[in-house]
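Asks: This structure is in structure tokens; I'll ask about it shortly.
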């Protein structure tokens, strides 16, 4: 119903208010489980969280072709109303020692921001998701050379989220059996290796659409492995500040990832789209790997320190 693009974008910004609910989900799980159990539960939660971005591009493309682009917003409104009813009737408080005032929550931020471990996990999450955001920003431009329909493009773009679901399931199964930081580092190595393989395919002159989207699938798998461990690490730095840590970590993650998306949009052109996309994603994945290695070293050296 927006009469112009600016009104449309303003409404989209209001729609983003939903973002903190994922942090609430993380805090709820951490309130009711141990650190090791939480990592496994986070993996399964991430699988459910990934359903929408996996199916969204494909379903959105089909709706666009059949009913026009506005149809997606009608569907989102219906789903949003259903989730509101579910949360209103079924979600109970899990924090049995809540702060007396909102100000107490904000006073926890300086302590969290002074923690090296907290920053290591947050940077790892931000640039892990940043590679995915860069993919979302640059993949349509890179794929324009293949003349794909909106529905087919949505299917290919959704594949990276399918990889995320597979990685999240694997993380859930491995949690408690393998140290969290080992899973964290392994996930980041998978991302870097996949993107390097994509660059090799490009240099070798392989111009198939799978040479573009196939290597990016590794980013999805790696993020699925990474996010549960990074999330539980960030919100476990201070056991009494789970909610504050979850919200702050989420904000840092979105800010960093959005920066990578904006950077990808600024530097990618039709001429450099495919190699440029791989390079931007690889740069983000490399920063995330460095942060994961730092988190592992900090946990090993002084698990109870900041």
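The values are calculated or read from the model by the stated rules, or taken from the named source; none is laboratory data. On a predicted model such as this, the values are computed, not experimentally measured, just so you know. Every residue, glycine among them, receives a Cβ derived from its backbone with ideal geometry; neighbour counts consider all protein chains shown.
Asks: Within region 183-191, can one find any residue that is touching a residue at least 12 places away in the same chain (Cβ under 8 Å) and more than 29 Å from residue 117 (Cβ to Cβ)?
Replies: Taking region 183-191 first, the residues touching a residue at least 12 places away in the same chain (Cβ under 8 Å) are 183-191.
After this cut, where a residue has to be more than 29 Å from residue 117 (Cβ to Cβ) as well, the list is none.
Looking for residues that are touching a residue at least 12 places away in the same chain (Cβ under 8 Å) and more than 29 Å from residue 117 (Cβ to Cβ), one finds none in region 183-191, hence no.
Asks: If only one of 228, 215 is under 23 Å from residue 55 (Cα atoms) and at pLDDT 90 or above, which one is it?
Replies: On the way: 228 fails: at pLDDT 90 or above.
Only one candidate qualifies: 215.
Asks: I would also like to ask the following. Can you go through 68, 61 and tell me which one is more than 27 Å from residue 255 (Cβ to Cβ) and touching a residue at least 12 places away in the same chain (Cβ under 8 Å)? Let's see the steps before the verdict.
Replies: Details: 68 fails: touching a residue at least 12 places away in the same chain (Cβ under 8 Å).
None of the others qualify; the one that does is 61.
Asks: While we're looking at this one, here's another question. With the requirement that a residue be part of a helix (DSSP H, G or I) and surrounded by 18 or more Cβ atoms within 10 Å (Cβ to Cβ), what does region 110-125 give you? Walk me through how you get there before you give the answer.
Replies: Taking region 110-125 and keeping what is part of a helix (DSSP H, G or I), we get 110-113, 116-125.
Result: 112, 117, 118, 119, 120, 121, 122, 123, 124, 125.
Asks: For residues that are farther than 18 Å from residue 212 by Cβ and without any contact (Cβ under 8 Å) to a residue 60 or more places away in the chain, tally how many sit in region 263-289. Reasoning before the result, please.
Replies: Going residue by residue through region 263-289, those that are farther than 18 Å from residue 212 by Cβ are 263, 266, 286-289.
Pick out the ones that are also without any contact (Cβ under 8 Å) to a residue 60 or more places away in the chain and you get 266.
Selection size over region 263-289: 1.
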